[in-house]
Amino acid sequence: MTRPSLADLAVGQTIGSRTVEVRRADLVRYAGASGDLNTIHWNDRIAREVGLPGVIAHGMFTMGQAVNVVTDWVGDPGAILDYGVRFTRPVPVPDPGVATVQVEAVIGAIDADAAVVRVDLTVTFDGAKVLGKAQVQVSLG
């Protein structure tokens, strides 16, 4: 796949969007892969005891799912130079059912000299942001 061209980009341009459906089984797989076995990610009783609405998705899982819209757009995960977020709200995952997370990616800044763009992600659940200041630096050189 060919990387996007800087000449074809403008600040404010949407480069992709995605709907991510999160199920409890996804959390189990992520816990095993990441080693994050915190009970708030699999036990409703414990999650509620600590003030959560129930089991919540791992923040890093949500972060990883959100950046996929950028890696799909650029065609090369190695083009990601930096990625940072602020975790602002949990994503409760029902059982049974799914939590639906919406992701939109917009060009936030362009550095033509360095051939780098900043992609700003808006990541929401039930209309509320779950990742704040989600920014991805992408090399297009």
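The values are calculated or read from the model by the stated rules, or taken from the named source; none is laboratory data. All of these numbers come straight from a predicted model, not from anything done at the bench. As a convention, Cβ positions derive from the backbone with ideal geometry for all residues, glycine included, and neighbour counts pool all protein chains shown. For accessibility, only protein heavy atoms count, side chains too; no ligands or nucleic acids. Shrake-Rupley method; radii C 1.70, N 1.55, O 1.52, S 1.80 Å.
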Sorted by packing (mean other beta-carbon atoms within 10 Å per residue), highest first, where do 119-129, 65-75 land?
65-75, 119-129
In terms of the charge dipole of the chain, which places +1 on Lys and Arg and -1 on Asp and Glu at the beta carbon, the residue among Q13, V103, P92 farthest towards the positive end is P92
With an 8 Å Cα cut-off and a minimum separation of 6 or more residues, compute the relative contact order for the stretch 1-74 in percent.
35 percent
For the chain, calculated [θ]222 nm from helices alone, where every DSSP H run of n ≥ 4 adds -39500 (n - 2.57):
-7000 deg cm²/dmol
Could you check the simple spin-label distance between A115 and R48, using points 7 Å along Cα→Cβ, in nm with one decimal?
5.6 nm
What distance in nm lies between label points placed 7 Å from Cα along the C-beta direction at R29 and D95?
1.7 nm
Contact order normalised by length for the chain, with contacts defined as Cα pairs under 8 Å and 6 or more residues apart; what percent is it?
31 percent
Taking a probe of 1.4 Å and leaving out DNA, RNA and ligands, the stretch 36-83 shows per residue an accessible area in Å² of 50 Å²
Sort out for me the Cα centre separation of the stretch 1-28 from the stretch 57-82, rounded to whole Å.
8 Å
